[in-house]
Structures are given as structure tokens and as C-alpha cells.
Amino acid sequence: MSEYRMIGQSVKKLDAVAKVLGKAQFAADIYFDGMLYAKVLRSTVPHGILRSVDVSKAEAMPGVVVILTGKDVPGSNSTGMIVKDEPVLVKNGEKIRKIGDPLALIAAETEAMAEKALELIEADIEVLPPVFDPVAAMEDSAPKLYAKGNVLAVRKIRKGDAAAAFQRCSVVVEQEYRTQMVEHGYIEPEAGVAKLDGEVLTIWVSTQNTHFDAKEVARNLKVGLDKVRVIQAATGGGFGGKLDISVQVHLGLLAMKTRRAVKLVYSRTESIINSAKRHPCIIKMKTGANAEGKLLAMECSIIGDTGAYASYGPGTLTRTAVHATGPYEIEHVAIDAYTVYTNNPTAGAMRGFGVPQAAFAHETQMDMLAEKIGISPLDIRLRNALRAGSVTATGALLKSSVGIIPTLEKTATAAKTIMLSESAVGKNAKKRGIGISSMWYGIGNTGLPNPAGAYVNLLDDGTVLILTGCADIGQGSDTTLAQIAAEEFGIDMEDVRVVSADTGITPDAGASSASRQTYISGNAVQLAAREAKKVLLETAATMLGVAPDEVVIGYKELSVRTTSAQSQFLTDCLSECRLDLGMAPKGKGQSVSLADCLAECRAKGKLTLGHGWFNPDTTGLDPETGQGKPYATYAFATQIAEVEVDTESGEIEVLRIVATHDVGKAINPVNVEGQIEGGCTMGLGYALTEEIKVKEGKILTKNLATYLMPTAMDVPEVHPFIVEEREETGPFGAKGVGEPTLIPTAAAIANAVYDAIGVRFTELPLTPERVLAKLQEIQNAV
């Protein structure tokens, strides 16, 4: 029997019915009378200086209301997640650094008019030499995107003496890995609507962080934060791509200038060209072990192409470096990660945040080491897996909630009954194989403060209102937070209402990213609920004639805590004695309804409301050694994939994936399983088909006909399993699961392909062309 009523229950998502019935209002659905439609003129060259923008012909066109250029931005004219290096509108005389840089804004009476006006604007651009190769960009002789050079940031991690430790290694594997640029592919492109209400600018937008958006809008419009209200519209996915500023500031500028409502919706092509991407990385990794398979040393160099602007680049590459060892304890480590500017499309946050790239490398290394030593891929992972008492490469001591070994054991056991094929068995030209991969993932931002706040109000009728800045982008955070509050107050889900991501009324909860909201906002809601509950407990204690710490909340009632059958028997006897003496029942064993307790609170002038905030216990990383405590807790996972490879066509079919994830505590198990299934699907695309192809800074795969994401026909059987290694600092022991679910998938598939055909791949994606080319190399060698 569960110790909880609501926690651990697979309840329906709060927004499920509205979305299924088409009632959820996305930003593109919002309409106001007299609304204008916006479009953005963008650069078609990757590197240059904007000399002038001639808008005279477009301004003269009927239906065009206003055209804005860089000179019309009253504030800083800069946005950015970490570095404010991206222009809202490039000004005359300033640099263009990528194809897609915004040069002018148009607001017109119809969308068609705005589109036509774009064709009439003439931009004079002095073309500069570009640089597209991140390795070449690091050279002193390379064209400079910025005066300080093209290397934006370097993250170093040092533990022990790696060079000396390699001298003691019996086996060493050294390899270079390359991972591709990837598009988020969310179902809803960027969109928003802005409108002035008096002097307050309100923006409805598809976003992952309304409070960040409001700050960027206010700074660029040069107005106070109290004059900007950002409300998250129903959001059709984000995966990190809706953290960066897209339409927000442009809408604000146009609405302020015209004093009319303005809508801006990207086409799919605009979205693909202008949104941030997953960082393509070049990873050189050297790993050494002793004869028994114990890892002794690692050296790793990582170059991440962040494109024209920083976005989340330095944070992403820091996380890549921190996670490069995988979920294994290695005593001697030397890692360098470089964030490099090029004139390619900007790369930023995407689900996994730099860790899928690292996992592809370190999990391939683990299989290669195991093969050289002569042990199984499972054994080498079990021998080196982190556990309570382990010290990570950054010097952080893991005290508890280290679930990697249980995920390895559970996945391996399940795979024995689920996987149908023997290793390297297949019919005719089709060969089957099985591969394993594990991962770890730090919950929350890396070594930085990332608090969340929440307000909870227990209302007169026993229902609860939660105010949270947490943006639900489909991951189910509203539902999770409602379950936490319902558990605390002993009420039903139907009694909880969540108002989220509205800067006019909700406190800042930070971004819906880094798998942080269950852990951080969940804690904030729990703390706020307990503050409100304290008033209830004190009032009930007075009504029951006991101390507040003796009162517990059950289902819509408060009662005196009982610890055993004996104490209950004594309570009953005392109650009988009081009745025999003609006294009212009082004391232990008695209860009061939630409704009566609330009525008593109000009669005494007491409100049952609370506020809470939570900031994980982390420290910054030393700039020279990387030593510190980057995360308060970690998620862990293991996946095993079964594949079938057609050696004649090069096609890879993934048949089954067994995926086991340590989430601390599954607040909503069916939601966790859904995250696992979705993450595996995204990992499938990363492994086999997805790649943003870029030539001289221009995206070639600019629509969903050429950018190939998995369809329903491509998705294999996914068998999700949950491990619950309780995190003592988490709400009811919970951690997070959103991003970890895709991290091990590509490596598991690549290792399975090797098991099937004996060909090792070190570059993603594993396209049929690459498979056939590798097989041909082997034949030629023979």
C-alpha cells in the first residue's frame, strides 16, 4: 500500500481535455479586432556590415502601418541567454553575423501585405569573409566575428594527474567523435501577440520562461518591468528552443509604436532558419583502464560550434565537460571544452543540453574498452558505476540517490525476456544486434543559483490556488505541482487550480529547462503549501486539545497522530471514559473536518496562504580546475536497444528499446513513462536520421520534407521502467526526468549496430549511406 494518496498516482494531465478537444488557445489562435500582422526582414549573407536599409518603397505600399529598423530600438538593442550579443535589429554600420539576422520589422493590416512589403525593402550590405569551421575559427588568422576573438569560453576540469595515470593503464582507447547540428522540431512554431492595456504592454507568447522574456523586453524597450506583462500561451513543445528570444521584443516594439495589437507567427521555414540548434561537437576522448576493467584515467577535448551568437553555448559546453566521464568514477581526469563562434546558425539549449554528445562518446569508449579487456559491456559499467560515496570529476561527493547500478541491473534483467534476438543473428542480409548505454544528468543549472518561487492559497471552500512562474510546455509540470499540493492538503486533484507563467501575477520560477521544475518548483510549492498548512495544523490542534505536532492531515480532515494499535486502543478507552462522565470527546484519536477547520481559521481572522522558494545547494566551478558542486542531485539511466541492419541497403531498424530511469520518486508514473517513450523517439532521430545540413552558413534542410524526424512508423517498441532512488532534498523524494530520457539512446543504437555487423561508428547520424560506406571499407580492406 502506498504511503501517499496523490503522489505516485498516474493521474490525467490538467490540460489533456482542453488539448484533445481543441480548446487550448495557442498564440497563433489569439485574435483582437484591429490587429496588425508582423514580418521580419532578415539577412541573406552570413557575415557583413549593414550599410543602409531603404524602406521607402515598402512604406508607401497601401496597408503598411509601420516599418522599424535598428535606429528605432530605444533600449540596449541586444538579447542573449548568457551573453547579450544578439541584436534585436542590426543597426546601420553594425555587423551581420549569420543568415537570418533581423534587419527590419513590418506591421501591416494583413499578413499578405506584410509579406509583400518585405520584397520592397532594399538592404545594402558590405560582405565580409566568413568562417564556418569551428576548428579553423580558433586560429588567430581566422575572420573575427567579435573583437575579442572567436573562442567565447573555455571550461577546464582537472582531477588528479591524468597523464601519469595513463602510464599505469593496461588498456587505452582513443577516438574522435563528431555529432551533428539538430533541430528541435516542436509541433508549434514560434508565435506571439502583443497589446497595450493603458501603459502596460501585454505579450502572449509560446515560451519556456516568461520572466526572462519580460526582462529582455523591458530592457530593449527602455521601460520598467512593471510596464511589461508576459503570459505564456498554450505551448506546443519547446525542448530548449523556446528559451531564446524570438518574437517577444519585436512584438513589443511594434505594439508600442502603433498602439495596436500585433501578431507575429513564424512559418516552419522561418522557425528552422532562425531558432537555436543542438551544438555540433568534435570530441576527442582518451580513456584508460587496468586489466580488470577499472577506469583509471580520461583526457577529453570538446569543441562546440555555437554559431554566430552565444545563446546557451557556454552553459551547454560546461555541462558537456562535467558529464564527459559518464556515470562512472574516474580518479584522474583532464577535460577542456571550447565554445566557439562561427558564421553558422546559432546553437543553444536543446533537450539534454550537451550531454547526448558526451554520452555518444563515453558510451562507445566503454564498449571498446570492454572488448579489449575481454569482459561484457554490462560488467565494465557495473565495475565503474558511481555509487554513494563516489567523488565526481568536479570533486563533488555523492551522498545518496545514486541510481545508476539499479538501472543497469533492472534493464539487463528486463532485456533478457524482452529482446527476441541473439547477438548478430539475422535472416539473409539482415543482421541483428543489441547495445547498451548509460547516462547521468545533473538536475538544474550548472553551478549557478536557479531558484523558483510559488504562492499557495487554501481557500475558504477547501480548494487550492497555486501561483507559479513555471511554464508547462507539455511536460506536465502543472499536473505535477497540483499533485504535490493535493498531497500536502489531503484533497483531490479537482480541488487544485494552477495559474502558471504569467509575470503579472505569478512569481519567478526560472526556466522550464535542465529538467529542473519538478525538483525546484516542486520544492517551492511544497514549502508554500506547508507554510499555509501550518496555520491549519495550529488551529486544528487547538480544536482537538493537542500540540500542533500531534496533528496530521488525512483526506479532507485533520486528526491526532496514532503510532500503533496499542495507542489507538488507549485513545478509544479514554474517549469512552469521557463519554461515561458526560464529557465531550476530546484529545487523541479525534478529528476535525477540513471545512470546519477552515471555518475556525476564518472566524479567528487567520488566512491559510503561503509562499515558498527553493534554490538548489550548488557551488560555482573553479575556472582553472572545474572543481565544485555543480548540481544538488543527479538523474541516472540505462537503455538497451535491439536493432536490425540491412547490409544491402544500409538501413537500420530499431526493433526494441528497454529504458530504465532513476527519477527519485515518480510523482506521476504514467507521465514519467510518456517522457521515457518520447525521449527514446527523439534519441532515435538523433541516432539515425536527423541533421541540419548547412552549406556556407545557409541551412539546406529548411522544412520537414528534408529534415527527417522519425514518424509513428519508425518508432520501435519502447519498454519503460522506473527506478526510485529517493532524493532527500526533493519534493517527496523526486528529481527529474525530462531530458535524461533521450541521452543514452543514440549510443545504445550505435553499440547495437556494432554488435550486429562489427562496424564501429564515431559520427552521427548513422545514415544508410554511412553504413554502406563503412561496409565497403571493410570489404576493400579484405
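Quick check on my filter: what residues within region 755-782 are assigned to a loop (DSSP other than H, G, I, E, B), closer than 19 Å to MET181 by Cα and open to solvent by 10 Å² or more (accessible area, probe 1.4 Å)? Please lay out each step first, then the result.
Step one: of region 755-782, the residues assigned to a loop (DSSP other than H, G, I, E, B) are 758-762, 764-767, 782.
Then drop every residue that is not closer than 19 Å to MET181 by Cα, which leaves 761-762, 764-767.
Within region 755-782, THR762, THR767 qualify.
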Output for region 45-81, where each listed residue is part of a loop (DSSP other than H, G, I, E, B) and exposed (fewer than 14 other Cβ atoms within 10 Å of the Cβ): ALA60, PRO62, PRO74
Which numbered condition TYR328 fails, given (1) of a type outside the set (A, V, I, L, M, F, W, C); (2) within 25 Å of LEU243 (Cβ to Cβ); (3) free of Cβ contacts under 8 Å to residues at least 60 places away in the same chain: (2)
Pairs where the first residue, in region 760-782, is closer than 13 Å to VAL645 by Cα and touching a residue at least 60 places away in the same chain (Cβ under 8 Å) and the second is part of a loop (DSSP other than H, G, I, E, B) and acidic (Asp, Glu), C-beta under 7 Å, 6+ apart: PRO768/GLU651
Selected residue [among the hydrophobic types (A, V, I, L, M, F, W, C) and either farther than 28 Å from GLU188 by Cβ or part of a loop (DSSP other than H, G, I, E, B) (or both)] from VAL670, VAL718, VAL737: VAL737
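Consider region 673-715. How many of its residues are of a type in the set (Ser, Thr, Tyr), in a loop (DSSP other than H, G, I, E, B) and in contact (Cβ under 8 Å) with a residue 24 or more places away in the chain?
Filtering region 673-715 down to residues of a type in the set (Ser, Thr, Tyr) leaves 681, 686, 689, 701, 706-707, 711.
Keeping just the survivors that are in a loop (DSSP other than H, G, I, E, B) gives 689, 701, 706-707, 711.
Right, trim to in contact (Cβ under 8 Å) with a residue 24 or more places away in the chain and you get 689, 701, 707.
Of the residues in that region, 3 qualify.
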Some residue of region 22-34 being farther than 22 Å from ALA214 by Cβ, among the aliphatic types (A, V, I, L, M) and either open to solvent by 30 Å² or more (accessible area, probe 1.4 Å) or touching a Pro at 6+ places or on another chain (Cβ under 8 Å) (or both): no
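Scan region 599-622 and give yes if some residue there is modelled with pLDDT of 95 or more, among the β-branched types (Val, Ile, Thr) and closer than 30 Å to ASP755 by Cα, otherwise no.
Just the residues of region 599-622 that are modelled with pLDDT of 95 or more, to begin with: 599-622.
With among the β-branched types (Val, Ile, Thr) added as a condition, the list becomes 608, 618-619.
Still in the running and closer than 30 Å to ASP755 by Cα: none.
Looking for residues that are modelled with pLDDT of 95 or more, among the β-branched types (Val, Ile, Thr) and closer than 30 Å to ASP755 by Cα, one finds none in region 599-622, hence no.
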Verdict on ALA687 being in contact with a strand residue (DSSP E or B) (Cβ under 7 Å, 6 or more places away or on another chain), over 30 Å from ASP617 (Cβ atoms), among the hydrophobic types (A, V, I, L, M, F, W, C) and open to solvent by less than 60 Å² (accessible area, probe 1.4 Å): no
Matching residues, region 516-561, being assigned to a loop (DSSP other than H, G, I, E, B) and either open to solvent by less than 30 Å² (accessible area, probe 1.4 Å) or aliphatic (A, V, I, L, M) (or both): ARG516, VAL546, ALA547
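Can you give me the number of residues within region 738-754 that are buried (at least 24 other Cβ atoms within 10 Å of the Cβ) and over 16 Å from GLY354 (Cα atoms)? Step through it out loud before you land on a result.
The first filter runs over region 738-754 and keeps only residues buried (at least 24 other Cβ atoms within 10 Å of the Cβ), leaving 738-753.
Those left that are additionally over 16 Å from GLY354 (Cα atoms): 748-753.
Of the residues in region 738-754, 6 are buried (at least 24 other Cβ atoms within 10 Å of the Cβ) and over 16 Å from GLY354 (Cα atoms).
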First in region 151-166 and over 19 Å from GLU139 (Cα atoms), second anywhere and in a helix (DSSP H, G or I) and not small (Gly, Ala, Ser), Cβ under 8 Å, 6 or more apart: ILE157/VAL322
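Go through LYS222, LYS242 for me and flag whichever is among the basic types (Lys, Arg) and within 17 Å of ASP472 (Cβ to Cβ). Before you say what the answer is, go through the steps one by one.
Numbers: LYS222 fails: within 17 Å of ASP472 (Cβ to Cβ).
Being among the basic types (Lys, Arg) and within 17 Å of ASP472 (Cβ to Cβ) holds for just one of LYS222, LYS242, which is LYS242.
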Qualifying residue in region 428-451 (condition: under 30 Å from VAL200 (Cβ atoms) and aromatic (Phe, Trp, Tyr)): no
Qualifying strands (runs of 3 or more DSSP E) (wholly inside region 400-484; at least 1 residues being open to solvent by less than 20 Å² (accessible area, probe 1.4 Å) and closer than 20 Å to GLU728 by Cα): 430-442, 452-458
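The values are calculated or read from the model by the stated rules, or taken from the named source; none is laboratory data. None of these values were measured; they are calculated from a predicted model. Counting neighbours? That spans all protein chains shown, and the Cβs are built from the backbone with ideal geometry, glycine included. The accessibility values were calculated without ligands, DNA or RNA, using every heavy atom of the protein model including side chains. Shrake-Rupley method; radii C 1.70, N 1.55, O 1.52, S 1.80 Å.
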